[in-house]
Amino acid sequence: MEFLCYHRDRPGSLALRQALIEAHWSYMDQFEAELIARGPTFTDDELPTGSVHIVDLPDVAAVRAFAFDEPNYQAGAYRDVLIRRWRNLLGRTMWEYPGGREGGSRYLVLGFGAGQAADLDVPADPSGDLVAYGPLLSDDAATWLGTAVLLRAAGPEAARAVLTAERYDAIEVHNWEFGGRR
């Protein structure tokens, strides 16, 4: 089962996150085979705002353990965690993304909605900018709750435009970069 976890930073937690970076990476190393995508989100001033992880784990209990046993969470660096079932419509990991780790601005786009599902088909991607794409779903995968996208785009508005705006209650756009050891 595929899940998206988005840990949002607690204000003022930068020093704590920096102190725990090796513990965080070591923890994530244990899930190397299960990770579809990962990486930090940032403000425009490049201050960390959170950390996204898309994982393939056996069930909801396993993903909750993954999210809440993470060292930054345990130490209080995060203010909250979003966990949603997710479906990998591209069928690949970020490491298989042909655009590579570098070049261009990268974004996490989270569209939150209710009712009839939107954007279930992968949009045309002539530039090869989509890194990860799929719906956010309820724990039992029966209810559409939105869409999550990782992509390269010219800017935040171009990133937002990948979703059909009028179909969502809210759309968040976060600066994002490929995660993992540098």
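Any read-out appearing in this document is the output of simple, stated calculations on the displayed coordinates, not a laboratory observation. As the structure is a computational prediction, the values presented were derived from the model and not from experiment. Every residue, glycine as well, gets a Cβ built from its backbone with ideal geometry; the counts of neighbours run over all protein chains shown.
Quick notes on this structure:
- Over the chain: helical MRE at 222 nm, DSSP H runs n ≥ 4 each giving -39500 (n - 2.57), nearest 500: -5000 deg cm²/dmol
- A simple count of charges around ARG160, restricted to other residues whose Cβ falls under 13 Å of its Cβ and scoring Lys, Arg +1 and Asp, Glu -1, yields -3.
- Among residues other than ARG85 with Cβ under 13 Å from its Cβ, the summed charge is -2 (Lys and Arg +1, Asp and Glu -1).
- Distance in nm between pseudo-label sites at ALA23 and ASP59 (7 Å out along the Cβ direction from Cα): 2.9
- A Cβ-based charge dipole, computed about the Cα centre of the chain with Lys and Arg at +1 and Asp and Glu at -1, lands at about 160 debye.
- When peptides 6-15, 94-103 are sorted by average Cβ neighbour count within 10 Å, with the highest value leading, the order is 6-15, 94-103.
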